[in-house]
Structures are given as structure tokens and as C-alpha cells.
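Read the structure below first, then the notes.
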Amino acid sequence: MTGHDRLHKMLVMRKTWAAGIVAAGVVLATLAVTRAAAAQQDEEGPTSFLSFQVLKDDNGKPLRSASVIMHPVGGNGKQGKGGMELKTDAEGKSSFDGIPYGKLRVQVLAPGYQTYGEDFDINKPKMDFTIKLKRPQSQYSIYGPGKDSSTPPKQDAPPPDKNQKPN
């Protein structure tokens, strides 16, 4: 073997060795990231994929652009800080992945419909919710029929001031 061949063989061995070190580094980095993600998952606990279907109660048709608002609920029943708002699509559907297990307050708002609100216990990897929104209910007056609540009641004219002189 000539000196040139020997030098070429050494260079090929160095490149192979360097490539092996780089590959080992990539594998170690991937393992470290995977372990960190798993540790974070353990700290935060399991999460769930939630899907919502919002329908009109009177005819069962999907409700587009309804707001689905989610808030965590503490052990004391109080709404926690933070939250998230989703909008429904043309089929009345919306979804989100990564909601931690525990109590979740869901509110659904849409113009022309009653506001919906309920607390749910998120405890499965995938949960589906169908929510039917109702139209506003008729208003009833305690004063009986025939009274229009939009018209203010008539007030009596104030008594004339005896000290005021006529013009």
C-alpha cells in the first residue's frame, strides 16, 4: 500500500468516525427532547381532544360562527384564569387538542340564542359534546297582560307652585 492509499484510508476512517459521532449526537439529542416532553406530560398530566357540535334546538341544523369558550375550574368551583375561545365552522363543529384532565367550564354564545353554560369533568383522551342552543324565551310581566313594558308608566303632573306668579 502506498502512502497516498494509506492517507486516503485514514481520511475515510475519520469521516466515518465523525459521521458516527454526529449520528450518536442526534440520537442523544432526540432522546433528551423525548424524555423532556414525557416529563412535562407527567407534570401536567394527561390531556384530552375535545370536539363540539353546536346545533339549533328547534330544527337540529348546525350553528355557524358560535363562540365556544372554555375555562378551567378550580377545586373550589371558581373559574380559573385563562381560557380559550373557538368558533364553529359551517357544520357547527369546533375542536381542540391538549385540554388537561379536570373540571372545565364550557360556554357557548351565538347572536339570537340563549347563552349555554355547563361544567364538565374532562377524564378521557377523546370527548365529544353536542350542544343545542335555544331561542330566547318569551318575557312575561307580573303586571298582567296588556301592559307594554317598553313604555314607561305615566307620571302625574307636579302640583302648581303657589308662590309662582302668572305671566
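We did not get these values from a lab; they are worked out from the coordinates using the rules stated. These figures come from a predicted structure and were not determined experimentally.
Just to be sure I understand: if I project the alpha-carbon convex hull of the range 46-133 onto a plane and average over all orientations, what area do I get in nm²?
Spelled out: convex hull of the Cα atoms, projected over all directions, averaged, 5.5 nm².
List the pairs from K78/K134; K81/K134; K61/K103; K81/K132; K93/K126 whose alpha-carbon separation is above 24 Å, in the order I gave them.
K78/K134; K81/K134; K61/K103; K81/K132
Full extension from S65 to M127: what is 0.36 nm times the residue separation minus their Cα-Cα distance, to one decimal in nm?
20.2 nm
Grab the Cα-Cα distance for D119 and Q137, subtract it from 0.36 nm times how many residues apart they are, and report the gain in nm with one decimal.
Result: 4.2 nm gained on full extension.
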